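The values are calculated or read from the model by the stated rules, or taken from the named source; none is laboratory data. As the structure is a prediction and not an experimental result, all values here were calculated from the model. Neighbour counts are summed over all protein chains in view; Cβ atoms, including those assigned to glycine, are modelled from backbone coordinates with ideal geometry. With ligands, DNA and RNA removed, areas are computed over all heavy atoms of the protein, side chains included. Shrake-Rupley method; radii C 1.70, N 1.55, O 1.52, S 1.80 Å.
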Amino acid sequence: KVLDAVFRLAGTASVGTHRYAILLKSLNATGEKYLLLDMKEAIPSSLQPYSNITQPAWISEADRIVTIQRLLQNRFPALLSTTEFRNRHYVIQEIQPTKDKINFKLIKKEYRSIYQAIADMASLTAYAHLRSSGRQGSAIADELICFGEESNWQEKVFHSAVRYAVQLENYYKQYMADYHAGIFKGDFTENMKISA
């Protein structure tokens, strides 16, 4: 039973999207009495304009996200599902009380720790792709291995990442200059209009 719902902003991925936290009360006599759900609007992949590879015929963007998440992850969030609300498609999942995160500020001067964290993330991403290989027209494991051994794309990715890092730093400097120049005046909540 739904007890309450609130508009939710959680991280940069929520900016510009409709997202809600929903408090549910269980009707079961045993188990958890309350559940907190995350309901996030599903939007197209940012890579879509740059890819000419034919994609599966997804029912909706939410269906795409949930299907891929179930294929890639060994353990996905509880109650992972889709819904439609006011002509928008959403991904629903139980809000996790804690998430494993790496605080890079704590290891910013420890080169080996940063290197290990990046290597671990790369391995986890690779395992996820191997787990889902050959499904719904995706590349099989042998094709992924061959792609990983090619070197012609790696340099392009590296240079693109370096350019993007410089671009983000410039965005930050511009923001700080505008902030200190007083461009952002008044109460932020008055200037920000949210319509559910």
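Odds and ends about this structure:
- Selection from segment 1-18 of residues that are within 13 Å of the chain's Cα centre (by Cα) and at pLDDT 85 or above: THR17
- Exactly one residue out of ILE65, ILE59, ILE53 is of a type in the set (Val, Ile, Thr) and either in contact with a strand residue (DSSP E or B) (Cβ under 6 Å, 6 or more places away or on another chain) or closer than 22 Å to GLY11 by Cα (or both): that is ILE65.
- Pair list, Cβ < 9 Å and 6+ apart or interchain, from segment 19-34 residues that are farther than 25 Å from HIS89 by Cα to residues that are in a loop (DSSP other than H, G, I, E, B) and open to solvent by less than 100 Å² (accessible area, probe 1.4 Å): GLU32/SER26; LYS33/SER26
- For GLU143: the one exception among (1) modelled with pLDDT of 90 or more; (2) open to solvent by less than 80 Å² (accessible area, probe 1.4 Å): (2)
- Candidates MET176, MET121 - the one that is closer than 25 Å to ASN74 by Cβ and open to solvent by less than 100 Å² (accessible area, probe 1.4 Å): MET121
- Total residues in segment 35-47 satisfying the condition of being within 20 Å of SER81 (Cα to Cα), without any contact (Cβ under 8 Å) to a residue 40 or more places away in the chain and not aliphatic (A, V, I, L, M): the figure is 2.
- Residues within segment 108-164 that are under 25 Å from GLN69 (Cβ atoms), part of a loop (DSSP other than H, G, I, E, B) and polar (S, T, N, Q), tallied: 4
Table: residues versus (1) among the polar types (S, T, N, Q); (2) modelled with pLDDT of 90 or more; (3) open to solvent by 60 Å² or more (accessible area, probe 1.4 Å).
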residue	(1), (2), (3)
LYS25	no, yes, yes
ASN28	yes, no, yes
GLN48	yes, no, yes
ILE65	no, yes, no
LEU71	no, yes, no
ASN74	yes, no, yes
LEU79	no, no, yes
THR82	yes, yes, yes
ARG86	no, yes, yes
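- The sole residue among TYR127, TYR115 that is within 19 Å of the chain's Cα centre (by Cα) and farther than 20 Å from LEU9 by Cα is TYR127.
- Residue-level analysis places GLU155 among those that are farther than 30 Å from ALA57 by Cβ, open to solvent by 80 Å² or more (accessible area, probe 1.4 Å) and at pLDDT below 90.
- Out of GLN69, GLN96, one residue alone is touching a Pro at 6+ places or on another chain (Cβ under 7 Å) and within 28 Å of SER123 (Cβ to Cβ). It is GLN96.
- Subset of segment 125-140 that is of a type outside the set (A, V, I, L, M) and over 20 Å from ARG75 (Cβ atoms) - its residue that is surrounded by the most Cβ atoms within 10 Å (Cβ to Cβ): SER138
- Hits in segment 53-94 - residues which are among the hydroxyl-bearing types (Ser, Thr, Tyr), touching a residue at least 60 places away in the same chain (Cβ under 8 Å) and touching a His at 6+ places or on another chain (Cβ under 9 Å): TYR90
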